[in-house]
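Notes for the one structure printed next.
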Amino acid sequence: MAAILIVDDDDAVRDVLYDLFSEEHMCHAAATAEQALTFLREQTYDTVLTDISMPGLSGVELLGILLREQPDTPVVVVSGIGDRTHAEGLTRLGAFDFILKPFRLEAVEESVTRALEHGRGLKERKRAGAPGTD
């Protein structure tokens, strides 16, 4: 069972994503990036699924914090901004994947599954002492 943190200021989106993953995984849901940081101080997650546009800290700022503090945690970004350049910029910043709203639940499931597999691979290589994983 993986640990997933869902961050979205839209109650409906957050609830749908929580319902999608909570039967198979341990999930926490946060309405703001600040609330997400509280969860992140208490435990690590196998993946984080975050909206970009939120009041207070943005998802981009949350992504930056996660990359510094928990670099092995893949971050899947969800955004209503459908610009290809925007999506490419987020992945260059370090997001594992980008999903455009409105999204298909299957697309989110596929992305999170790949993110979880990627994170497991990173942790296994680190445990094995692979070069460049420190």
Within segment 67-99, of all residues that are aliphatic (A, V, I, L, M) and over 18 Å from GLY121 (Cβ atoms), the one surrounded by the most Cβ atoms within 10 Å (Cβ to Cβ) is VAL77
Here the residues within segment 61-82 that are of a type outside the set (Gly, Ala, Ser) and in contact with a Gly (Cβ under 9 Å, 6 or more places away or on another chain) are LEU63, LEU66, LEU67, PRO71, ASP72, THR73, PRO74, VAL75, VAL77, VAL78
Among residues of segment 3-45 being within 14 Å of VAL75 (Cα to Cα) and either touching a residue at least 40 places away in the same chain (Cβ under 8 Å) or aromatic (Phe, Trp, Tyr) (or both), the residue surrounded by the fewest Cβ atoms within 10 Å (Cβ to Cβ) is THR44
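Quick note: the coordinates plus some simple rules give every number you see, no bench work behind them. Keep in mind the model is a prediction, meaning the values are calculated, not measured. FYI the Cβ positions are ideal-geometry reconstructions off the backbone, even for glycines, and counts take in every protein chain you see.
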